[in-house]
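Colleague: Once you've had a glance at the structure underneath, I'll fire off some questions.
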Amino acid sequence: MNSWFGHRPRLFIRTYGCQQNVADSECIRGLLEYCGCESVQSEQDADLILFNTCAVRGHAEDRVIGNIGNLKAIKSEKPKTIIAVGGCMVHQEQVAKDVFDHFRYVDIIFNTNNLEEIPSTILQRIQSKKRVFKPVCSEYTLNEKVPVSRDNQACRAFLPIMYGCDNFCSYCIVPYVRGRERSRKPEVIINEFRSCVEDSFKDIMLLGQNVNSYGKGLKCETGFPELLEQLNDVPGDFWIRFMSSNPNDATLQLFDTIAKCSKVARHMHLAVQSGSNRILKLMNRHYTVEEYLSILDYAHAVVPDFYFTSDIIVGFPGETEQDFEATVELIKRAKFYSIFSFIYSKRAGTRAAEMPDDTPHKLKADRLNYLNEIQRQITEELELKLIGTRQKALCLGEMPDGRYEYRISNNAEVTVDMKGTKNEFYTIEINDYKNRRLYGKGVK
Ligand code: SF4
């Protein structure tokens with residue numbers, strides 16, 4: 001690559017979407033830095049520009065298209081610049097073709113389900129002097145041999161434990177763009193986990209589209225609870241977190257394990273999506289509201305001070321006022337710490353995309369605003385209950401106003417008048433809540 005650019009290639013990666021994409025981009029950066037590239041902070045300074053895209057909702061794709069449009073000027077200014085677009089959005093062949101045909105200055109379309117192929121794909125572009133169209137990869141791998149270049153300024157390390165999803169929720173594009181579930185070997189994960197701890201990470205997030213089904217297909221008997229126990233035994237002071245969880249595989253054994261593993265953070269993101277059993281059926285979610293709530297009840301019974309967050313889709317095709325009211329009742333009952341709530345986004349190729357949907361967008365937006373207001377009140381109620389409590393807290397660094405930000409076990413962030421060292425644990429006492437923000441003081 002050096003000969004093509006006449007100097008050490010300068011690399012810029014723009015990442016869209018979920019934490020799994022962030023982790024993939026850290027692998028891509030690791031791989032290309034290993035091949036001699038140096039990372040830069042902007043497209044303007046780069047010779048190699050990679051976009052790692054997302055397809056989970058329509059507006060995520062719109063943003064990518066807009067940003068690709070902005071690269072035209074850079075390409076005409078520096079024609080040797082190589083522009084590559086990869087990730088979930090272009091794993092959809094028709095979308096990949098549209099991008100490749102419309103943006104003639106995009107050199108490469110690549111697939112992130114086999115990251116090891118990326119350096120050779122870039123060399124193919126350079127040596128053949130032809131654009132490369134690779135929306136589909138030869139095989140779905142586990143990226144085991146790929147070096148990872150983590151952002152050691154970050155106060156969290158991302159560690160993929162599995163890839164893909166077999167659930168085929170009717171609205172979701174992920175199984176079509178990320179492939180079938182495949183788990184990394186426990187010993188490989190534990191080694192990488194140890195190196196994160198050695199690199200002074202104190203907050204390590206295990207990643208997968210459905211971490212609770214970790215281990216399916218592995219020869220060994222290590223499921224997700226067993227993996228958590230083994231990671232909990234790794235020497236050091238740190239928090240183990242994990243995302244994303246599907247209620248289908250959230251076993252009672254998992255919460256029994258969390259109860260005895262003190263290093264597992266007291267927070268879980270457990271997407272429910274709707275409070276209506278009729279809609280859950282149409283979503284192909286395979287659990288009922290009652291079953292979901294019984295998981296929460298069990299977790300709260302066996303793990304003190306455990307907090308849940310969740311995802312809610314409003315305006316799924318055919319959603320009635322009654323369905324929506326059931327969702328409102330669910331969040332009142334579940335008392336989530338917070339929710340990620342969205343208006344349903346039609347994804348071509350999914351089963352839900354074929355379902356009739358005549359609910360006006362305005363009504364969906366009104367429902368979303370109403371739901372968010374209910375949730376805001378619940379979050380406030382839970383945050384007010386934290387006042388007066390002492391918490392183990394991770395220093396995230398100094399804020400622009402000179403105070404310091406800390407993260408606590410339930411994933412909340414607190415503003416504290418205590419100077420701290422980034423990535424170190426402290427004890428704080430939460431003493432106030434204003435404007436949706438928690439405040440605290442240091443405890444010696
Ligand atoms: S479990 Fe999650 S990633 Fe898998 S299909 Fe359902 S929503 Fe998509």
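The values are calculated or read from the model by the stated rules, or taken from the named source; none is laboratory data. Note that the coordinates shown come from a computational prediction; the quantities given were computed from them, not determined experimentally. For neighbour counting, all protein chains shown are included, and Cβ atoms are generated from backbone atoms with ideal geometry for every residue, glycine included. SASA here: full protein model, heavy atoms, side chains in, ligands and nucleic acids out. Shrake-Rupley method; radii C 1.70, N 1.55, O 1.52, S 1.80 Å.
Colleague: With a 1.4 Å probe and all protein chains kept in place, how much accessible area does M89 have, in Å² rounded to the nearest 10?
Modeller: Accessible surface of M89 is approximately 0 Å².
Colleague: Next question, about the same structure. Relative to the longest principal axis of the C-alpha atoms of the chain, give the angle of the C-alpha long axis of helix 289-302, reported between 0 and 90° and rounded to the nearest 10°.
Modeller: 70
Colleague: Taking the Cα centre of the stretch 272-338 as origin, work out the dipole magnitude from +1 charges on Lys and Arg Cβ and -1 charges on Asp and Glu Cβ, in debye rounded to 20.
Modeller: 80
Colleague: Hey, what's the stretch 2-133 come to in accessible area per residue, 1.4 Å probe, Å²?
Modeller: It amounts to 43 Å² per residue over the stretch 2-133.
Colleague: If you average over every viewing direction, what projected area does the convex hull of the Cα atoms of the stretch 124-185 give, in nm²?
Modeller: Hull-based average projected area comes out at 7.2 nm².
Colleague: What's the angle, to the nearest 10 degrees (0 to 90), between helix 321-334's Cα axis and the longest principal axis of the chain?
Modeller: That works out to roughly 70 degrees.
Colleague: Separate question: Which of D358, D432, D166 ends up with the largest GNM mean-square fluctuation for the chain, with Cα atoms connected below 10 Å?
Modeller: Looking only at D358, D432, D166, the largest GNM fluctuation is found for D358.
Colleague: For the stretch 313-412, what is the accessible area per residue in Å² when the probe is 1.4 Å?
Modeller: Details: 4890 Å² over 100 residues.
Dividing the accessible area of the stretch 313-412 by its residue count gives 49 Å².
Colleague: To continue, here is another question. In a GNM of the chain with a 10 Å cut-off on Cα contacts, which of K216, K362, K263 has the highest mean-square fluctuation?
Modeller: Residue with maximal mean-square fluctuation among K216, K362, K263: K362.
Colleague: With +1 assigned to the C-beta of every Lys and Arg and -1 to the C-beta of every Asp and Glu, and no other charges, what is the dipole magnitude of the stretch 278-385 about the Cα centre in debye, to the nearest 20?
Modeller: Its charge dipole is roughly 300 debye.
Colleague: Roughly how many Å is it from the Cα centre of the stretch 302-344 to that of the stretch 47-94, as a whole number?
Modeller: Cα centroid of the stretch 302-344 versus Cα centroid of the stretch 47-94: 33 Å apart.
Colleague: For S170, enumerate residues with amide H under 5 Å from its amide H, sequence gap 5+ or separate chain, H modeled in the peptide plane.
Modeller: N284
Colleague: Accessible area per residue for the stretch 150-265 in Å², computed with a 1.4 Å probe and the full protein assembly in place, what is it?
Modeller: So the stretch 150-265 comes to 37 Å² accessible per residue, rounded to a whole number.
Colleague: Bins of 10 Å, beginning at zero and ending with the bin holding the largest distance: percent of Cα pairs per bin for the chain, please.
Modeller: The percentages, shortest bin first, are 4, 19, 27, 27, 17, 4, 0.
Colleague: Can you tell which of I374, I108, I240 shows the greatest fluctuation in a Gaussian network model of the chain with Cα springs below 10 Å?
Modeller: Sorting by GNM fluctuation, first place goes to I374.
Colleague: Going by accessible area, probe 1.4 Å, with all protein chains left in place, what is the ranking of S245, S195, largest first?
Modeller: Values: S245 10, S195 40 Å².
From most accessible down to least: S195, S245.
Colleague: Find how many whole Å separate the alpha carbon centroid of the stretch 222-290 from the alpha carbon centroid of the stretch 350-388.
Modeller: 22
Colleague: What area, in nm² and to one decimal, does the C-alpha convex hull of the stretch 2-133 cast on average over all directions?
Modeller: For the stretch 2-133, the mean projected area of the Cα convex hull comes to 7.2 nm².
Colleague: Also: Set Lys and Arg Cβ to +1 and Asp and Glu Cβ to -1, take the dipole of the chain about its Cα centre, and tell me which of T81, M355, Q153 lies farthest positive.
Modeller: It is T81, whose Cα lies furthest towards the positive end.
Colleague: Mind checking the dipole of the chain: about its Cα centre, +1 per Lys or Arg Cβ, -1 per Asp or Glu Cβ, Debye to the nearest 20?
Modeller: 920
Colleague: Taking Cα atoms, how many degrees apart are the long axis of helix 186-198 and the longest axis of the chain, rounded to 10 and kept between 0 and 90?
Modeller: So the inclination is approximately 90 degrees.
Colleague: Figure the gain on full extension for N435 and R63 (residue separation times 0.36 nm, minus the Cα-Cα span) and round it to one decimal in nm.
Modeller: Contour length minus the Cα-Cα distance gives 130.9 nm.
Colleague: Now for a different question. What's the carbon and sulfur percent of the chain's accessible surface, probe 1.4 angstrom, rounded to a whole number?
Modeller: 51
Colleague: Here's another thing I want to ask about it. Using a cut-off of under 19 Å, list every residue of the stretch 155-179 whose amide N is near the label point 7 Å from the Cα of D98 along the Cα-to-beta-carbon line.
Modeller: Correct set: 171-178.
Colleague: Restricting to lysines 8 or more places apart or on different chains, can you count the pairs in the stretch 287-401 with Cα atoms under 27 Å from each other?
Modeller: 9
Colleague: So what's the back-of-envelope 222 nm ellipticity for the chain, counting only DSSP H runs of four-plus at -39500 (n - 2.57) apiece and dividing by all residues, rounded to 500?
Modeller: Numbers: 14 runs with 153 residues, N = 444.
It comes out at -10500 deg cm²/dmol, rounded to the nearest 500.
Colleague: Here's a follow-up. Within straight cross-link reach of K134, meaning Cα distance under 22 Å, which lysines are found once same-chain residues fewer than 8 apart are removed?
Modeller: In chain and number order, the partners are K72, K75, K80, K97, K145.
Colleague: Ordered by residue, what ³J(HN,Hα) values in Hz, to whole numbers, does the stretch 208-219 give under the Karplus form 6.51 cos²θ - 1.76 cosθ + 1.60, where θ = phi - 60° and Gly and Pro are x?
Modeller: My calculation for the stretch 208-219 gives x, 5, 8, 4, 5, 9, 4, x, 4, x, 7, 5 Hz in order.
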